[in-house]
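Below is one structure, written out as structure tokens; comments come after it.
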Amino acid sequence: MLIPLTSVALAQPVEGEPVGHYHPDDIAPRSELFVTASEQLSALSDTRGRELQQLATALQHYREALDLLGDTAPLGELERLGDLEQDFHRQEAVLQQFTDELIEDFSGAMVEAMEQAAASHGQTQRCVARIAEGPRVPGMPGRTKANPECLGEDLNAAIASAMDANEPLRAVVEEVLQRPWPEIVISVEAQPPIATGSGQPSRWLLVRDLLVAGARDALRDLDRSDDEARTEIEAALESDDPDLEALKRRVAEIEATTARRRAELAQPILEVAEERMLRWKGEPTTGWCANPRILGGCTQQDASAELVSRLLDDRKFAKTLPD
């Protein structure tokens with residue numbers, strides 16, 4: 001998480017002769033308070049970011065699995081996924097608002113303290129102390145030189161030291177660090193396996209695990225087509241006056257097309273998988289599972305790893321997989 005002090009030009013003209021110069025970019029790494037607090041805030045933000053990404057991936061995998069099941073996808077699970085996605089996006093928005101306010105308060109307090117410290121020196125100039133010199137060589141640190149536009153004494157270290165000694169600033173920073181972050185909580189509930197034949201399943205196989213193992217490239221091609229179709233949506237949203245209703249309809253069309261293509265890819269593979277598993281003598285009844293493990297998986301025994309391996313070793317099943 002980038003926490004800038006402020007955004008200014010390399011050099012700012014001043015009236016009269018300044019006693020010295022400073023710049024937020026030069027002060028930030030010199031302030032122990034700023035560096036330490038930024039690292040703590042970044043760690044907290046990264047933790048929540050990983051949690052969000054993990055859940056976003058799980059919901060995406062849930063959607064893919066239900067698409068792969070086609071007409072056999074349970075209506076109840078489709079409705080559940082819709083509720084989970086809505087709840088996830090709500091919590092994501094809450095977290096984003098919290099993070100924005102936190103960064104604004106932290107940066108605002110730092111900038112105010114910086115300006116107070118700078119003002120105590122009298123007339124000063126905002127100016128980056130060093131600037132790039134010569135061509136930039138990829139993979140090598142760039143050369144720099146003293147900025148000839150900076151006037152007077154370099155005050156960056158003195159201002160950073162004053163900020164670190166500013167007790168009211170430390171109190172504000174401590175309050176910001178102690179704020180409780182919104183928790184990311186989503187419903188985890190095992191779903192009943194989807195029967196592949198007669199009888200109630202006593203074990204289950206994650207449908208997406210099987211397709212990823214046997215048709216990974218084909219799935220990636222579908223994902224790539226979906227992403228390419230959505231680029232036009234992103235471009236339209238950046239226009240001056242996007243037609244939101246038309247864009248919503250287009251998104252629905254893209255989602256429906258991707259779902260149909262996933263189902264078409266999976267149908268023959270799942271049909272043969274069911275046929276082969278039914279031929280295995282003395283085996284427990286197997287069902288499909290769409291719900292990712294992180295969201296609860298399915299009731300009964302998870303036999304995904306074993307069954308995927310056995311099916312991939314089955315010659316008749318292997319013939320149904322795309323090249």
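Side notes on the structure shown:
- Test: residue in the range 210-223 that is surrounded by 11 or more Cβ atoms within 10 Å (Cβ to Cβ) and assigned to a loop (DSSP other than H, G, I, E, B): no
- Taking the listed residues R230, R170, the one that is among the basic types (K, R), farther than 30 Å from P24 by Cα and in a helix (DSSP H, G or I) is R230, with no other qualifying.
- Flag for I294 being farther than 30 Å from A235 by Cβ and either in contact with a helix residue (DSSP H, G or I) (Cβ under 7 Å, 6 or more places away or on another chain) or not in a helix (DSSP H, G or I) (or both): yes
Residues are listed down the side, and each one gets a yes or a no for (1) in contact with a Phe, Trp or Tyr (Cβ under 8 Å, 6 or more places away or on another chain); (2) assigned to a helix (DSSP H, G or I):
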residue	(1), (2)
R48	yes, yes
D67	no, yes
R80	no, yes
E92	no, yes
V111	no, yes
E115	no, yes
H121	no, no
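- Per the listing L307, L205, L312, L265, the residue uniquely at pLDDT 95 or above and under 24 Å from I186 (Cβ atoms) is L205.
- Residues (at pLDDT below 85 and surrounded by 13 or more Cβ atoms within 10 Å (Cβ to Cβ)) located in the range 224-242: I233, A236, P242
- Test: G287 is more than 36 Å from the chain's Cα centre (by Cα) and under 17 Å from G197 (Cα atoms): no
- Screening G287 on (1) within 26 Å of D87 (Cα to Cα); (2) assigned to a strand (DSSP E or B) shows it passes everything except condition (1).
- Hey, L52 within 21 Å of D227 (Cα to Cα), hydrophobic (A, V, I, L, M, F, W, C) and assigned to a helix (DSSP H, G or I) or not: yes
- The requirement of being assigned to a helix (DSSP H, G or I), modelled with pLDDT under 90 and either loosely packed, with under 13 Cβ neighbours inside 10 Å or not assigned by TED's automatic domain parsing to the domain that holds V308 (or both) is satisfied by E245.
- Leading residue by the ranking (surrounded by the most Cβ atoms within 10 Å (Cβ to Cβ)) among those in the range 124-179 that are under 35 Å from the mean Cα position of the chain (by Cα) and among the small types (G, A, S): A160
- Counting residues in the range 43-54 that are surrounded by fewer than 16 Cβ atoms within 10 Å (Cβ to Cβ), free of Cβ contacts under 8 Å to residues at least 40 places away in the same chain and over 20 Å from L295 (Cα atoms) gives one or more.
- Long-range neighbours under 9 Å by Cβ, at least six apart or interchain, first residue over 18 Å from L206 (Cβ atoms) within the range 268-280, second part of a helix (DSSP H, G or I): E275/K316; E275/F317; W280/R310
Okay, residues lined up against (1) out of contact with any helix residue (DSSP H, G or I) (no Cβ under 7 Å at 6 or more places or on another chain); (2) free of Cβ contacts under 8 Å to residues at least 40 places away in the same chain; (3) under 30 Å from V111 (Cα atoms):
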{"residue": "A165", "(1), (2), (3)": "yes, yes, yes"}
{"residue": "V173", "(1), (2), (3)": "no, no, yes"}
{"residue": "V176", "(1), (2), (3)": "no, no, yes"}
{"residue": "I186", "(1), (2), (3)": "no, no, no"}
{"residue": "T196", "(1), (2), (3)": "no, no, no"}
{"residue": "A218", "(1), (2), (3)": "no, no, no"}
{"residue": "S225", "(1), (2), (3)": "yes, yes, no"}
{"residue": "A236", "(1), (2), (3)": "no, yes, no"}
{"residue": "R250", "(1), (2), (3)": "no, yes, no"}
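The values are calculated or read from the model by the stated rules, or taken from the named source; none is laboratory data. This one's a predicted model, so the numbers in the text were calculated from it and none came from an experiment. Cβ sites come from the backbone with ideal geometry, for glycine too, and all protein chains shown count toward neighbours.
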